[in-house]
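Asks: Dropping a structure here in structure tokens format, bear with me for questions.
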Amino acid sequence: MSEPASTLEFSRHNISALRDTVARLVAETPVTDIHTHLFSPVFGDMLLYGVDELLTYHYLVAEALRASSLPYEQFWTMEKSDQAAFIWKTLFVERSPVSEAARGVVTALSKLGAPVASRDLESIRAFFKDVPVDDQVNAVFKQANLKSVVMTNDPFDETERKVWLDHYQPDPRFLAALRIDPLLLNWKVTCGLLKSWGYETDALLSKKSLEEVRRFLVDWLFRTKALYMAVSLPPTFTYPEESPTATLLEQCVLPVARDRNLPFAMMIGVQRAINPNLRLAGDGLGFANVRSVERLCAKFPSNRFMVTMLSRENQHELCVVARKFRNLMVFGCWWFLNNPSLIEEMSRMRFELLGLSFIPQHSDARVLEQVIYKWEHSRVILAKVLTDKYTDLVTAGWKLTEADIRRDVQKLFGDNFWEFLK
């Protein structure tokens, strides 16, 4: 009688079986996507989905306008459906869609059953016509094998704020994270906004003002049931320094996070609007100061920090800092790093430096269907890297079981995150 699969042992003599087992377990393990820009259906039009939204994603806008002589101003006067048709023609008909963003559209549409091979946009649109949003959410979650996603929830966005205040209903598939960029990066404006909402704030950050900021954070953490607070920071972010950002961080954000036992997530390295003509597609990146992360972890040992950085050149130093501070969780391959060659490089380095104590990926998806390709492509890469690492291990004489592999994959795809929240 053959041995049950769950008790199979792997050694250097059955590497092929090891490879197949890793690929299967990576594919079948549900994932918690810890950072997205998706919204649950209760937020209405803020949940972006469908083929036209996929095609007008800002990655593809920048790529299509680069490949075309169409004036920026003319593109922005077009209806969304016409923008999508222009991008389809430019990137999918006139040339092969070999970029990661373009290939991702092909993957997502194909996995959902759309006739993408026809290259006929109208046929693809017809395939999705009149599909109810709840059905589309269910289909995407099933195809991407998602357990849940964490939203990016901005209390300073008036449209979103209205939903939270008036008619929000929880959806267990969509979890909250409180995004506080305006608070930390634009205090002069945010101060007045908070005051208009009934918080006694002032531009000078008086003692009373700091108390009110803390009250605001507690109010919104309670309202959203957020799993963590988060901010996207420029590459110039420095700590310590004399600034409203540092003051608010030290005296409001981190104390509230510590008292409520929540991590603080920092996404560091984005340079906004390096080409304003591209609007949302015009952001770039820069090399950041990892020492600032190191100093925060050292000064605030009772706080937990989740960090991802946008520059490839920051990745090694960030991993080394994470080796020294267990209150630092490295996560994901963010934005311009979410490309196969870089995902593989970063994942190998992280396994080699951190073992299994990191979160390898998040989708950062802005359009619902993007989670399909972002996780499909990442799973293939992670299975390849894990197989290589396990092969090295068994070649050195270690006995590995299927249960070991299942446990490890579950850690990477969700358990590490949930354990870090405790």
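The values are calculated or read from the model by the stated rules, or taken from the named source; none is laboratory data. These numbers come from a predicted model, not from an experiment. Because the Cβ atoms are built from the backbone with ideal geometry, glycine has one as well, and the counts that use them run over all protein chains shown.
Asks: Scan the stretch 78-100 for residues that are among the aliphatic types (A, V, I, L, M) and buried (at least 21 other Cβ atoms within 10 Å of the Cβ) and report the count.
Replies: Of the residues in the stretch 78-100, the ones among the aliphatic types (A, V, I, L, M) are 78, 84-85, 87, 91, 93, 98.
Next, only the ones that are buried (at least 21 other Cβ atoms within 10 Å of the Cβ) stay: 84, 87, 91.
Residues flagged as among the aliphatic types (A, V, I, L, M) and buried (at least 21 other Cβ atoms within 10 Å of the Cβ) within the stretch 78-100 amount to 3.
Asks: Now for a separate question. Sort through 304, 279, 295 and tell me the only one that's surrounded by 22 or more Cβ atoms within 10 Å (Cβ to Cβ) and not hydrophobic (A, V, I, L, M, F, W, C). Spell out the reasoning first.
Replies: Numbers: 279 fails: surrounded by 22 or more Cβ atoms within 10 Å (Cβ to Cβ); 295 fails: surrounded by 22 or more Cβ atoms within 10 Å (Cβ to Cβ).
Answer to the selection: 304.
So that you can scan it fast, the table gives a plain yes or no per residue for (1) part of a helix (DSSP H, G or I); (2) loosely packed, with under 14 Cβ neighbours inside 10 Å; (3) in contact with a His (Cβ under 9 Å, 6 or more places away or on another chain):
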{"residue": "149", "(1), (2), (3)": "no, no, yes"}
{"residue": "164", "(1), (2), (3)": "yes, no, no"}
{"residue": "188", "(1), (2), (3)": "yes, yes, no"}
{"residue": "213", "(1), (2), (3)": "yes, no, no"}
{"residue": "220", "(1), (2), (3)": "yes, no, no"}
{"residue": "231", "(1), (2), (3)": "no, no, no"}
{"residue": "241", "(1), (2), (3)": "no, yes, no"}
{"residue": "250", "(1), (2), (3)": "yes, no, no"}
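Asks: If you scan the stretch 363-409, which residues turn out to be touching a residue at least 60 places away in the same chain (Cβ under 8 Å), buried (at least 17 other Cβ atoms within 10 Å of the Cβ), among the aliphatic types (A, V, I, L, M) and part of a helix (DSSP H, G or I)?
Replies: Residues satisfying the conditions are 371, 372, 382, 383, 386, 394, 405, 409.
Asks: Also: Would you say residue 182 is loosely packed, with under 12 Cβ neighbours inside 10 Å, within 20 Å of the chain's Cα centre (by Cα) and at pLDDT 95 or above? Give the derivation first.
Replies: Values: loosely packed, with under 12 Cβ neighbours inside 10 Å: no; within 20 Å of the chain's Cα centre (by Cα): yes; at pLDDT 95 or above: yes.
No.
Asks: Something else now. If residue 225 satisfies all but one of (1) in contact (Cβ under 8 Å) with a residue 12 or more places away in the chain; (2) touching a helix residue (DSSP H, G or I) at 6+ places or on another chain (Cβ under 9 Å), what's the number of the condition it fails?
Replies: That leaves (2) as the condition not met.
Asks: Any residue in the stretch 335-353 that's over 19 Å from residue 409 (Cβ atoms) and touching a residue at least 40 places away in the same chain (Cβ under 8 Å): show its pairings with residues that are assigned to a helix (DSSP H, G or I) and basic (Lys, Arg) at Cβ separation under 8 Å, as long as the two are six or more apart or on different chains.
Replies: So the pair list comes out as 338/374.
Asks: Sticking with this structure for a sec: Would you please list the contacts, defined by Cβ atoms under 9 Å and residues six or more apart or on different chains, that run from a residue in the stretch 315-334 that is free of Cβ contacts under 8 Å to residues at least 40 places away in the same chain to a residue that is surrounded by fewer than 19 Cβ atoms within 10 Å (Cβ to Cβ) and of a type in the set (Asp, Glu)?
Replies: Close Cβ pairs (under 9 Å, with a partner that is surrounded by fewer than 19 Cβ atoms within 10 Å (Cβ to Cβ) and of a type in the set (Asp, Glu)) amount to 315/345; 319/352.
Asks: Taking the condition of being surrounded by fewer than 15 Cβ atoms within 10 Å (Cβ to Cβ) and under 18 Å from the mean Cα position of the chain (by Cα), how many residues in the stretch 410-420 meet it?
Replies: Keep residues of the stretch 410-420 that are surrounded by fewer than 15 Cβ atoms within 10 Å (Cβ to Cβ), which gives 418-419.
Of the ones still in play, those that are also under 18 Å from the mean Cα position of the chain (by Cα) are 418.
Final tally of qualifying residues: 1.
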